[in-house]
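This report refers to the structure that appears directly beneath it.
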Amino acid sequence: MKRLNNITRFRNNLSHPLLTSSIWHYILAALAVIISSGICFFIVEYIGYQSVSFILLFVVSILSIFMGIGPITLASSLSAFIWNFFFIPPKFTIDIDKTEDALMFGMFFIIALVNGVLTSRVRRQERLTRDREERTNALYQLTKGLANSNNIDELIETTVNNIKVNFGLDVIIILQDGNNHLTEYSKDPLLKKLTLEEVGVAEWVFKHSLRAGKYTDSFQSGTYTFYPMMGNRIKPGVMAVKHPSPIYGAKDEFWDTFITQISNAVEKEFLNELAGNARFLNESDKLYKTLFNSISHELRIPVATIMSASESLLTTQHTEDIRKELSHEILKASNRLNRLIENLLNMSRLESGRITPRLDWCDIHDLINKVTDSLQDELKPFHLKVEIGDDMPFVRVDFGLMEQVLYNLIYNATQYASISTNLRVKSFYDKGMMTIEVLDRGPGIPKKELSLIFNKFYRIEGSKAGGTGLGLSIAKGFTEAQKGTITIENRQNGGAKFTIRIPSDIPQDEFKG
């Protein structure tokens, strides 16, 4: 502690104005007084020696605006001596015969000295105030930039830029990886990478939370000064700075404040990322469990059906009708498995962002007919009505994606609509927008769940077993991939209505179907 106090006292002494004033200020102060006195020497007969004192006093006052206390003290003493020796009778002596001249000399010396010192102090106070305002503004700009940073990259870029602007220094940020291992994080490719020895110093600083490197008491032989970044809860890392000279006094305090602000901001972003990763892992675990449970259930039923029917066909003699029925059950279970696999593959394509629509002219009649043919077994218990306007033109959509969208919507309707009710599929074109509507007479969707119906793996509370909750999510993803929208609403007398809208051109008259 005593050693630290001595170091602080030594820094304060170095920052004293008498020592920091340039030697050139002393020379200029002396020259200004001598030149002014020389001019007055030739005109003293016209203005009187008393007036010379005011001229020299004015010169000292002017000098005090630009110089420190040391040069002003020299100018005051020198001007008093010159006025006494060259101007006050008897000349060229330091004796003063008249009492009033002696009083004038004493007052001149005191006024010159006090005026110079006070003016210098005012100027110094003004400079300190200006510096304080500049540093306050710099801290405000730093805090604002750090607050507006959206991720660790932007935060580090803000840090480097602010240090460069306010201190003229290049900085290398070395952050920990979450396991208290440092990783160099320099955004400037022109900065020299740290050597193994310098990395070792950084690790020592990170471990002991003390400064090290050049201009410190530890590892002084290096070219960098290493500063620990101390947060409120963790140590986010270390800063490596190449100082051209040591910094003392107020500038050192300003630098410490800068590092503290940066450290707190980096710590906050670092903790946010750790929390985000933890949430991501937690959600991934939940998603995995949900997917595993859902797929396990969905796979078990058709697989059990296929195995049971196949075993029966192989081990037992059946009539032709029973064999056809068992074969039909195998085919039905196989289709269910195929639909499950297609949904998983489609969701994987959506998650990876690899959906690239291949737009081509499409006949809506062909699209709806193909989907209803694929779902003819599911549609048998219902009355299907397809309504397509006579003036429906060809539209530019991705036939494969639209087939999957329409398939999922109609299949979803068959799972929830009441038996023997009407299922309607309507399509029309108006003002550059192709619209397809799927309407059923099922129980509809609870209001509180309308906004959740297109979420992955979401299934309505109380819905019957079966399904992975991916069909509607895939329909939404494929529709949006074609720059379209899909919405759901409850019908007035019961049931749900899905509406697909996709912007599309239409061919010229000669190409219309």
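The values are calculated or read from the model by the stated rules, or taken from the named source; none is laboratory data. None of the values given here were measured: they were computed from a predicted structure. Reconstructed Cβ throughout: ideal geometry from the backbone, glycine too, with neighbour counts over all protein chains shown.
Within the range 39-48, if we keep just the residues that are of a type outside the set (Ser, Thr, Tyr) and assigned to a helix (DSSP H, G or I), the residue that is farthest from Ser76 (Cα to Cα) turns out to be Glu45.
Out of the residues in the range 116-159 that are touching a Gly at 6+ places or on another chain (Cβ under 8 Å) and of a type in the set (Ser, Thr, Tyr), state the one that is nearest to Thr260 (Cα to Cα). Residue satisfying both the conditions and the ranking: Thr158. In the range 239-258 there is no residue that is surrounded by 14 or more Cβ atoms within 10 Å (Cβ to Cβ), under 17 Å from Leu182 (Cβ atoms) and touching a Lys or Arg at 6+ places or on another chain (Cβ under 8 Å). Residues in the range 409-432 that are under 21 Å from Asp360 (Cβ atoms) and at pLDDT below 90: Gly432 only. Within the range 159-183, the set of residues being under 17 Å from Asn272 (Cβ atoms) and modelled with pLDDT under 80 comprises Asp177, Gly178. Would a scan of the range 138-152 turn up a residue that is at pLDDT 80 or above, charged (D, E, K, R) and under 57 Å from the mean Cα position of the chain (by Cα)? There is at least one residue in the range 138-152 that is at pLDDT 80 or above, charged (D, E, K, R) and under 57 Å from the mean Cα position of the chain (by Cα).
A quick yes/no check of all residues on (1) outside the structural domain of Asp101 (by TED's automatic domain parsing); (2) under 20 Å from Asp101 (Cα atoms); (3) surrounded by 14 or more Cβ atoms within 10 Å (Cβ to Cβ):
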| residue | (1), (2), (3) |
| --- | --- |
| Leu31 | no, no, no |
| Cys40 | no, yes, yes |
| Ser53 | no, yes, yes |
| Leu57 | no, yes, yes |
| Gly68 | no, no, yes |
| Pro71 | no, no, yes |
| Leu74 | no, no, yes |
| Ser77 | no, yes, yes |
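If we scan the range 218-237, do we find a residue that is more than 23 Å from Glu267 (Cα to Cα), of a type outside the set (Lys, Arg), surrounded by fewer than 14 Cβ atoms within 10 Å (Cβ to Cβ) and free of Cβ contacts under 8 Å to residues at least 12 places away in the same chain? Checking the range 218-237: at least one residue is more than 23 Å from Glu267 (Cα to Cα), of a type outside the set (Lys, Arg), surrounded by fewer than 14 Cβ atoms within 10 Å (Cβ to Cβ) and free of Cβ contacts under 8 Å to residues at least 12 places away in the same chain. Scanning the range 42-51 for residues that are β-branched (Val, Ile, Thr) and either surrounded by 15 or more Cβ atoms within 10 Å (Cβ to Cβ) or at positive phi (or both) yields a single hit, Val44. Only one of the numbered conditions (1) touching a Pro at 6+ places or on another chain (Cβ under 8 Å); (2) buried (at least 17 other Cβ atoms within 10 Å of the Cβ) is not met by Asp97, and that is (2). Any idea which of Ser36, Ser79, Ser64, Ser53 is in a helix (DSSP H, G or I), at pLDDT 85 or above and of a type in the set (S, T, N, Q)? Answer to the check: Ser36. The residue that is modelled with the lowest pLDDT, counting only those in the range 455-505 that are surrounded by 20 or more Cβ atoms within 10 Å (Cβ to Cβ) and in contact with a Lys or Arg (Cβ under 6 Å, 6 or more places away or on another chain), is Ser473. Among the residues of the range 45-61, the one identified as closer than 12 Å to Ala32 by Cβ and out of contact with any helix residue (DSSP H, G or I) (no Cβ under 8 Å at 6 or more places or on another chain) is Phe58. Scanning the range 413-430 for residues that are polar (S, T, N, Q) and over 19 Å from Glu387 (Cα atoms) yields Gln415, Ser418.
Out of the residues in the range 157-171 that are touching a residue at least 40 places away in the same chain (Cβ under 8 Å) and within 19 Å of the chain's Cα centre (by Cα), which is surrounded by the most Cβ atoms within 10 Å (Cβ to Cβ)?
Ranking the qualifying residues of the range 157-171, first place goes to Thr159.
Restricted to the range 353-444, the set of helices (runs of 4 or more DSSP H) holding at least 2 residues that are polar (S, T, N, Q) and in the same structural domain as Gly494 (by TED's automatic domain parsing) comprises 364-374, 399-416.
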